[in-house]
Each structure stands twice: as C-alpha cells, then as structure tokens.
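What follows is a single structure, written as structure tokens, with notes after it.
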Amino acid sequence: AQKVTQAQTEISVVEKEDVTLDCVYETRDTTYYLFWYKQPPSGELVFLIRRNSFDEQNEISGRYSWNFQKSTSSFNFTITASQVVDSAVYFCALSETQAGAQKLVFGQGTRLTINP
Amino acid sequence: EADIYQTPRYLVIGTGKKITLECSQTMGHDKMYWYQQDPGMELHLIHYSYGVNSTEKGDLSSESTVSRIRTEHFPLTLESARPSHTSQYLCASSEFGYEQYFGPGTRLTVT
C-alpha cells in the first residue's frame, strides 16, 4: 500500500528564516506523481506543485523550492525567507491509480507558523 | 485551474436532520472527490466518481451518500445527521487524474 509520512507535525520559525518541510513516501509503482498542497486558515487546499517519478530535477518557484530524491523516497519542500503569509498547513501527497481513478494519498500535514 | 464551488460554507444543524452538501465545478472535469477532514488535519477520502453515473466509496467508511447525475455536480447527502458527522467536508475535481483542485470546504456542526 502507498503511504506518505510527514514527520514534522508542527514547525514554528521567525519571519525571514528558511524552513524545510519533509515528506517521505512509500510505493511499489514505478510511475507515480507527488504533490504539495497548502491549506491556509480559510480552509481550502491550494495546489502548489506536481512532480512525476521520472523527473528528479529540483524545482524553484520564487521563494519555494522542491527537492525530489528517489533514492531516499523523499520530496522535501523549502521556503526561503519565510513570511507570515506562509503560515498554513502543508500536505504532501502521492498519486495512487486504482481502476482509472487516480486517488491521492495524503500525509498527515505539517502546520507551519511564521512569527513576525 | 478549476473553479470549484461548495455550499454552504458553514452549517450548524440539529441531530436527525437530512442535509445535502453541494459541490459544483465549471471545468468539465470527469473525476470528482469528497474528503472529510477532522481537526487533527488528516484528510480522508470518503467518495469519488469517475464520471456521470459513477460513484465509489473511498478509504474511510462514511454514512453519507453521493450522486453524479451531471458532470459538474457531485452532491453529498446525510440522511440523518449525528454529532459524529461534525467535520469539514472538502470537494475536489481532477481532469486527467493528476492534481486535484479543491473547493473552499463546508464546515458542518451537528448539535
């Protein structure tokens, strides 16, 4: 069975610090997709990024960067120069294909608090 | 990016009432999903649909039911609400089964 583990339940840092959110996954599939979502206090989940299992290139988008390493089954997320608006719960997820409907397996989430 | 809507956003209702949570998307996505999220943050898939007239139960057993008569509409119904149903319900849709796009959620409180 597929599994996603976000070992950090809560992280609290001071604004402008860099912070890395860890994500470790388990799967037997050779083709799979990994995702990160952000859930601000308003409640909706906002899609941030998708990576497929064949593309291990790191990705950078502004202050956000993602490090995908198949060798360690990890897909970590780093926020550089954190801001108060980054405060949210962040979820890592793994796609699971069952009979045509790709389902997402979510990690437990990491609550990130950025203090001014 | 999908436009996906959920109503109501907040609902407080008494035990035993029948409720329907609405979910609609305007992007023509075939796949739609319902998740339940408790204050502990973890998301649990309770229903999903491949397309019109298709519904499947998710990983977490739920007393709710769903229907998919139109592509854009995926309502969730509780025939008799109980305090144990108090939770946040999130609806999502997906075009090719990759990333899912989520609605704003319905926070349900059953008293």
Discussion item. Quick check on my filter: what residues within region A:1-29 are more than 14 Å from chain B (Cβ to nearest Cβ), in a loop (DSSP other than H, G, I, E, B) and either in contact with a Phe, Trp or Tyr (Cβ under 9 Å, 6 or more places away or on another chain) or surrounded by 17 or more Cβ atoms within 10 Å (Cβ to Cβ) (or both)?
Written reply: A:Asp22, A:Cys23, A:Thr27
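Going by the structure shown, is B:Val12 farther than 27 Å from A:Gln6 by Cβ and touching a residue at least 60 places away in the same chain (Cβ under 8 Å)?
Judged against the criteria, B:Val12 is a match.
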Discussion item. Being open to solvent by 20 Å² or more (accessible area, probe 1.4 Å), within 11 Å of B:Phe74 (Cβ to Cβ) and within 9 Å of chain A (Cβ to nearest Cβ) is the filter here; which residues of region B:31-53 pass it?
Written reply: B:Lys31
Practice prompt. Test B:Ala81 against the criterion of being crowded, with 22+ Cβ neighbours inside 10 Å and within 14 Å of another protein chain (Cβ to nearest Cβ), and give yes or no.
Written response: no
Discussion item. Can you name every one of the strands (runs of 3 or more DSSP E) wholly within region A:57-116 that holds 1 or more residues which are in contact (Cβ under 8 Å) with a residue 60 or more places away in the chain and among the charged types (D, E, K, R)?
Written reply: A:88-98, A:110-115
Fill in: Hits in region A:49-78 - residues which are of a type in the set (A, V, I, L, M, F, W, C) and out of contact with any Ser or Thr (no Cβ under 8 Å at 6 or more places or on another chain)
A:Ile60, A:Phe75
Worksheet entry | Hey, A:Thr78 of a type in the set (Val, Ile, Thr) and surrounded by 18 or more Cβ atoms within 10 Å (Cβ to Cβ) or not | no
Worksheet item: If you check B:Glu63 against the conditions, is it surrounded by fewer than 16 Cβ atoms within 10 Å (Cβ to Cβ) and either closer than 16 Å to B:Lys18 by Cα or within 8 Å of chain A (Cβ to nearest Cβ) (or both)?
Response: yes
Practice prompt. Could you figure out which of (1) under 17 Å from B:Leu43 (Cβ atoms); (2) modelled with pLDDT under 95 isn't true of A:Asn52?
Written response: (1)
Worksheet item: Taking region B:84-111 as the search range and keeping residues that are away from chain A (no Cβ under 14 Å) and assigned to a loop (DSSP other than H, G, I, E, B), which one is most open to solvent (accessible area, probe 1.4 Å)?
Response: B:Thr111
Worksheet item: In region A:60-106, how many residues are over 19 Å from A:Gln39 (Cα atoms) and within 14 Å of another protein chain (Cβ to nearest Cβ)?
Response: 7
Discussion item. Among the listed residues A:Leu48, A:Leu34, identify the single one that is within 11 Å of another protein chain (Cβ to nearest Cβ), assigned to a strand (DSSP E or B) and open to solvent by 40 Å² or more (accessible area, probe 1.4 Å).
Written reply: A:Leu48
Worksheet item: In region B:36-82, how many are in contact (Cβ under 8 Å) with a residue 40 or more places away in the chain and over 21 Å from A:Ser95 (Cα atoms)?
Response: 13
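The values are calculated or read from the model by the stated rules, or taken from the named source; none is laboratory data. All values derive from a computational prediction rather than experimental measurement. Don't worry about glycine lacking a Cβ; one is built from the backbone with ideal geometry, like all the others, and counts go over all protein chains shown. Heavy atoms of the whole protein, side chains included, go into the accessibility calculation; ligands, DNA and RNA do not. Shrake-Rupley method; radii C 1.70, N 1.55, O 1.52, S 1.80 Å.
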